1. With unit charges on the beta carbons (Lys and Arg positive, Asp and Glu negative) and the dipole taken about the Cα centre of the stretch 261-383, which residue among TRP372, LEU340, GLY301 sits farthest to the positive side?
2. Full extension from ALA88 to VAL194: what is 0.36 nm times the residue separation minus their Cα-Cα distance, to one decimal in nm?
3. What length, rounded to one decimal in nm, is gained on full extension from ASP14 through to HIS464, with 0.36 nm per residue of separation minus their alpha-carbon distance?
4. Please work out the average accessible area per residue across the chain, using the 1.4 Å probe convention, and give it in Å².
5. Under 5 Å between amide hydrogens, which residues at least 5 positions from VAL65 or on another chain qualify, with H placed 1.01 Å from N in the peptide plane?
6. Considering the dipole of the chain built from charges on the beta carbon (Lys and Arg +1, Asp and Glu -1) around the Cα centre, which of GLN321, LEU264, CYS423 is farthest to its positive end?
7. Provide the per-residue ³J(HN,Hα) series for the stretch 91-101, in order, calculated from phi with Karplus coefficients 6.51, -1.76, 1.60 and θ = phi - 60°, each as a whole number of Hz, with x at glycine and proline positions.
8. Pull up all non-local amide H partners of VAL170: gap of 5 or more, or a different chain, and H-to-H distance under 5 Å with H placed in the peptide plane.
Amino acid sequence: MSEAATRSATTSPDLLASLDPLLREWLPRQRWFAGKGRPVTGFSLVAATELLPVTTQLGLYHLLVRAHQPALQGPGDCYQLLIGIREALPPRLAPALIGHVDRGPLTGRTVYDALYDARPAEVLLEAMRTRARIGALRFDRDGSGSGEGGTGDDGEGEGEIPVGLVARVVTSEQSNSSIVYGDTFILKLLRRVVPGVNPDLELPLALAREGCPRVPAPVAWIRADDPEATQTHHDMAASAEDSYVLGVLQPFVRGAADGWELALRELAKGEDFSAEARALGRATAEVHLALARALPTVTLGHAQLRPLVDGMIERLDAAIQAVPALHPYGPGLRSAYEALADLAAEGETWTAQRIHGDLHLGQCLRSPSGQWSLIDFEGEPSKPLAERRLPQPPARDIAGMLRSFDYAAHSLRPHLPGWAAKCRAAYCAGYAETSGRDPRTDPVLLRAYETDKAVYEVVYEARHRPDWLPVPMSAVHRLAAPD
């Protein structure tokens, strides 16, 4: 048992008071902070766990804190923070600085994002290796009591974790953070967390049970009990619905190329990417087939499709209000959705299942041997967890990948629409080779989902990257056409 595993949680309210003014400045600057554009007015503590005692050398706290912001409905977003505490910060950790504490129990200390420091990161790996229980934190390596579709005592999903692996943080982060351990494992730490069964652990575990090699199988994971839920239910341990999934440890694919970076590299060299797109289509189909075997599927008829179509129309109407350039295309885009509703009214049905939920080239890795893997099954983080876990037509994933090829083609000036068209066709052909069904044989469904995705992209680019707005607008022009 690790040294950390023998210590209990610390929940002193003075701790958060010490950090409050520093976190108000630091947190909104992080790429993974979801509440940008609104000031943080305060914090409330969900859980605080001492992982290393505060000594003259190094201390480490694991915090779950809610950030309160004006005009934000609900209790506020909950964030996972690993706070390192030192007398002074060495120069190598300067980018991780949060600030210098001038009040409370940490007065005179320097606090920083501990994920940038090898020693605190190694504490997490050791806790997973020993299946530690530290305060509200639970470090699991098998399915017993996981509630995420684990496999009980048969050891499924369990792997040996050697000691002595050196940790390094992955610096190219967006909505979460990652630590690589000696090119053997990668730990994805979720930053904005919600209680409940998280698909980023649930789906890879289900795929591991099915023997699907296209998704790295979870080796270990980190969870925290929700203190409020535990008190309400008077349970000694919270269920999966009443706990937070905080992180997932998976094998690190050495030498893997990110699908987006690989596509841009080949595009810049003028190389054809259709063979890779075809292989990626086969990999996507393998994952979809395995998910359909592992988890329940449902049939979508008219009663189920109408609310889905109504949601698409509502998003379109809101997008037109936000981006006036969409207005001339409104009727044509709406026709893509209504055509789907008309098919359902005529008796057409579709199968819905668990899917990736946010599929694009950046969610794919190609190993040096040429094998494609799919990663990051969290779904769209902005959507509620319950919505991310709903069965959906696989066409939604396929549409996301088709839009990604289009984005890659537009990254080169002048853009190459023919390159995107070849990749899109090859991807669908590869999908058909494995699944037995070409997505292009259901053009109404595919058009509706691609339209929904393009409308989302228009709003995103208008708000965050106006220079990229022509990319989704060119898709809007195509998708709104009568044919």
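1. Working it through, the farthest residue towards the positive pole turns out to be TRP372.
2. Value of the extension gain: 34.8 nm.
3. Full-extension gain reported as 158.2 nm.
4. Dividing the accessible area of the chain by its residue count gives 43 Å².
5. Sorted by chain and number, the residues that satisfy this are VAL46, TYR79, LEU81.
6. LEU264
7. After applying 6.51 cos²θ - 1.76 cosθ + 1.60, I find x, 5, 9, 4, x, 8, 4, 9, x, 10, 7 Hz.
8. SER178, ILE179, VAL180
The values are calculated or read from the model by the stated rules, or taken from the named source; none is laboratory data. These numbers come from a predicted model, not from an experiment. No Cβ is skipped: glycine too gets one built from the backbone with ideal geometry, and neighbour counts run over all protein chains shown. Side chains are part of the model used for accessible areas, which takes the heavy atoms of the whole protein and leaves out ligands, DNA and RNA. Shrake-Rupley method; radii C 1.70, N 1.55, O 1.52, S 1.80 Å.
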